[in-house]
Amino acid sequence: MAQFIPPIDLETMEFGSEADVARMMLKQLGPGYLVMHSLPWVFPERDDIAAPAREGEVDFLILHRQYGLLILEVKGGEISLKGRTWVRWVKSAPKEIKDPVKQARRSLWALKKRLTLICGQLVADRATISVGIAFPHCLFKDHPPTDLPVEAILSMDDLSNIEPAILRVYKAGGGGKYELSVQEFDAVRRALAPEFRVYEPLRVSVDKAAETLTRLTRQQLQVLRGFDANPRAIIEGVAGSGKTLLAIQRARSFSKTRKAVLFTCFNSELAKWVREEMGDDLAENGGTITVQNFHRLASEFCKRADVEFVVNTSDPQRWWDEKAPDLLAEAAMLLHPDGPPFDAMVVDEAQDFSPGWWDALDYLCDRSNPVWAFLDKAQSLRREPADPPLEGAFRVALDVNCRNTRRIVACANRATSIDSEPFELAPLGRPPKLIVPQSTAAISGLVQQELRALLGEHRLEPRQIAILGPASKARGPLANVHAVDGVPLVDDAAAWRQGKGVLVTTARSFKGLEADVVILCDFSGLGNLFTVCDLYVALTRARSHLIIVAHDRIAKESLDAALAAAIATGADE
C-alpha cells in the first residue's frame, strides 16, 4: 500500500474528485509510492529572492525512487477548453477556472527550485518531475492542450487501473531516466515534507528561573532583617538558602555603625566574589569593610608585621590549623597593640574554620563585639566541623532552598541524603541530564558537545555556565581544550564573571558560588578525592539546569535514584 503524507481520511476530504482519486491510490498503489496530498508551496515569483512571494498548492505529489516525482492536478465535474480558456460546467452554465496545466507547471518550477536549494543541483536534476491532469468524473476523447501530451491525462476510465495510468504519465514527462538512491529519495522526501521542532532555548527558562529565584531570595533576606538587632548570631542553612547574601547584608549593616568590619570566609574564590559585590563599601575604596578569606588574611597580616609565614608543605592542613593561627595572632598584636582592629565581624563558611582559627580571630575582633557566623555543615571540608564559639549567640536555621529549581533540589537531596526543602514558589525546572561515556577518552568530547549546544542552540552566555569536577582544568579531561567554538575555557572565576569564557574548576573551589547551568564533569563516584560534601556542593551550584557527565556506567548507576527522584518531582502538575 502506498504511504500518504499526511495520512488521509477520505470522509473529510474537501473535494469529492480528489477523494475518488485518493481512494483508488489507496487500493491499488504498492509500497514503493509516497503520496503527498494538498501540498502547499511558497516561492518568489521570479529568480529575484526579494520579489513578492507566490503561493500554490499541488493536489497530489507522487514520489517513486525509480520514476521520480509526479504532480497531479485533479479537476472534478465536466470540464472543457475553448479559446485557451478552461471552464467547468455547473448546472449547464460555464464557469471559468484556472488553467490546470499552468498550475501544475508553476508548481513544478517552485518544487524544482526548492529541491535545488535544499538537496543541491545534482539531486534536483536526477529527481525528474512529471506533470499530469486527472478528470475522475469525465471521459477524454479530443485533442489534448498544446502544453500537455495526451498520455499525461487521466480520465474516469483510468481509475479502475490507476497504477499503469500513473506510470504512463510518469513516462510522458521523462520519468524513469534516473533511479534515486535511498539517500537521495530520503533527501527529496525531507525537502518536500520537512520535519522540524520549534523549541524553546534553555536561555528562556534559565532567565525566567533566575528572575523567580532572585525574587524569592530577596523575600527570604527581608524576613531575616528582623534578626538584625542581635549582636551575635549563628545562621545555619542549607545550600541555596541565601547565607552569603545575608552575610553581605549583615556586613553592610554593621558598617553603618562600626568603624571597621571584617568579612572573612574559607574559599578564596568566594572572597573575590564578595569583594566584587561590596564595591565602594570596601576599606580600600573609602568604605569600612575588609574582605579576605582566612588564608590570605593570615598571610597579609604576617607580611605587614614582618612575621615569617612559610607553609609546611609536608602536612599543610595541620600547619594551617595549628601554626597559622598563632602567627596571625602574633602579627595582630604587633600591628595593633592597643586592641583588635575590627569592631564587627562576619564569618561565612564557618563550618570550615578550625577552633584555632577562632582563637586567632579574637585578636582581630573581640567576641564581645557584634559577630555573625554562617555555616552549612553539609558543605564542611572537615569530618567533624566545630560549632562557632559565640557565647549567647542567637541561632537561626534556614532549611528552605531558594537558589535551585525544585528538580535540582530533589536530585541533590537523594544523591547525598542531605535534606533541604525547595521554596514552594520555586520553578520546577528541567530534570537533570545524565550522560554516560563509552570510555573515559570520550568524556572531553561529550562535555564539548554539551557546551556547544548550550552556547549555540540554547543561546546561553559563557558567564552562565560552569564546569565543575574533582580535578582542576589542568588535571582534568579538558586539560588540552583551550576553547570551544571560539569561546575560551578559563580557570579564573573573576574572568568568568566578566564574560571572558566558560569556567572550568573544582567543586571545592566553587563552593559558595553559583551558575545558571552547571556541568558536573567526570563524576566517578564518591571517595577521598570527591566526597559526598563535594557532590552536594557541585549539584547545588546549578540554579536552573544540571548536566552530569559520569565517568562510567558504575558511576551512573550511583545517581540513577537521584535522577528518578528529580523526574518524579512535579509529575502531578
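Where residues in segment 1-22 are touching a helix residue (DSSP H, G or I) at 6+ places or on another chain (Cβ under 8 Å) and assigned to a loop (DSSP other than H, G, I, E, B), which of them is modelled with the highest pLDDT? This residue is Ala2.
Considering each residue of segment 288-295 in turn, at least one proves to be under 22 Å from Ala332 (Cα atoms) and assigned to a helix (DSSP H, G or I). Could you grab me the full set of residues in segment 402-413 that are open to solvent by 20 Å² or more (accessible area, probe 1.4 Å) and part of a loop (DSSP other than H, G, I, E, B)? Selection gives Arg403 alone. Taking the conditions (1) over 24 Å from Cys411 (Cβ atoms); (2) under 16 Å from the mean Cα position of the chain (by Cα); (3) open to solvent by less than 10 Å² (accessible area, probe 1.4 Å) in turn, Ile467 satisfies each one other than (1). Figure legend. Inter-residue proximity from segment 355-368: first residues open to solvent by less than 10 Å² (accessible area, probe 1.4 Å), second residues acidic (Asp, Glu) and not in a loop (DSSP other than H, G, I, E, B), beta-carbon distance below 9 Å, spacing 6+ or different chains. Indicated pairs: Trp357/Asp321; Ala360/Asp326.
Based on what the data block shows, is Leu122 assigned to a helix (DSSP H, G or I), without any contact (Cβ under 8 Å) to a residue 40 or more places away in the chain and open to solvent by 40 Å² or more (accessible area, probe 1.4 Å)?
When the stated conditions are applied, Leu122 passes them.
If I filter segment 507-518 for residues that are among the hydrophobic types (A, V, I, L, M, F, W, C), free of Cβ contacts under 8 Å to residues at least 40 places away in the same chain and under 22 Å from Ile465 (Cα atoms), do I get at least one hit? For segment 507-518, residues among the hydrophobic types (A, V, I, L, M, F, W, C), free of Cβ contacts under 8 Å to residues at least 40 places away in the same chain and under 22 Å from Ile465 (Cα atoms): present.
Tallying residues that are closer than 22 Å to Ser354 by Cα, small (Gly, Ala, Ser), surrounded by 14 or more Cβ atoms within 10 Å (Cβ to Cβ) and without any contact (Cβ under 8 Å) to a residue 40 or more places away in the chain within segment 297-326 yields 2. Of the residues Ala571, Ala566, Ala555, Ala562, the single one that is out of contact with any Lys or Arg (no Cβ under 9 Å at 6 or more places or on another chain), within 16 Å of Gly429 (Cβ to Cβ) and either assigned to a loop (DSSP other than H, G, I, E, B) or modelled with pLDDT of 90 or more (or both) is Ala571. On inspection, His482 does not qualify as closer than 21 Å to Leu202 by Cβ and surrounded by fewer than 23 Cβ atoms within 10 Å (Cβ to Cβ).
Conditions (1) more than 26 Å from Ile567 (Cβ to Cβ); (2) in contact with a strand residue (DSSP E or B) (Cβ under 7 Å, 6 or more places away or on another chain), marked per residue:
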{"residue": "Thr405", "(1), (2)": "no, yes"}
{"residue": "Ser417", "(1), (2)": "no, no"}
{"residue": "Ala426", "(1), (2)": "no, no"}
{"residue": "Lys433", "(1), (2)": "no, yes"}
{"residue": "Ser439", "(1), (2)": "yes, no"}
{"residue": "Glu461", "(1), (2)": "yes, no"}
{"residue": "Ile467", "(1), (2)": "no, yes"}
{"residue": "Ala483", "(1), (2)": "yes, yes"}
{"residue": "Ala493", "(1), (2)": "yes, yes"}
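For the condition in contact with a Leu (Cβ under 9 Å, 6 or more places away or on another chain), open to solvent by less than 10 Å² (accessible area, probe 1.4 Å) and aromatic (Phe, Trp, Tyr), what is the one hit in Phe263, Phe294? Working first, answer last.
Values: Phe263 fails: in contact with a Leu (Cβ under 9 Å, 6 or more places away or on another chain).
From the options Phe263, Phe294, the qualifying one is Phe294.
Please verify whether Val238 is at pLDDT below 95, among the β-branched types (Val, Ile, Thr) and more than 24 Å from Ala393 (Cα to Cα), treating the condition exactly as stated. Can you show your working first?
Values: at pLDDT below 95: yes; among the β-branched types (Val, Ile, Thr): yes; more than 24 Å from Ala393 (Cα to Cα): no.
So Val238 does not fit the description; no.
Looking only at residues of segment 331-348 that are among the charged types (D, E, K, R) and out of contact with any helix residue (DSSP H, G or I) (no Cβ under 7 Å at 6 or more places or on another chain), we find that the one that is nearest to Gly240 (Cα to Cα) is Asp343.
Of all residues in segment 70-119, those that are farther than 16 Å from Pro40 by Cβ and assigned to a strand (DSSP E or B) total 16.
The values are calculated or read from the model by the stated rules, or taken from the named source; none is laboratory data. All values reported here derive from a predicted model rather than from experimental measurement. Cβ: placed from backbone, ideal geometry, glycine included. Neighbour counts: every protein chain shown. These area figures cover heavy atoms from the full protein model, side chains too; ligands, DNA and RNA do not enter into them. Shrake-Rupley method; radii C 1.70, N 1.55, O 1.52, S 1.80 Å.
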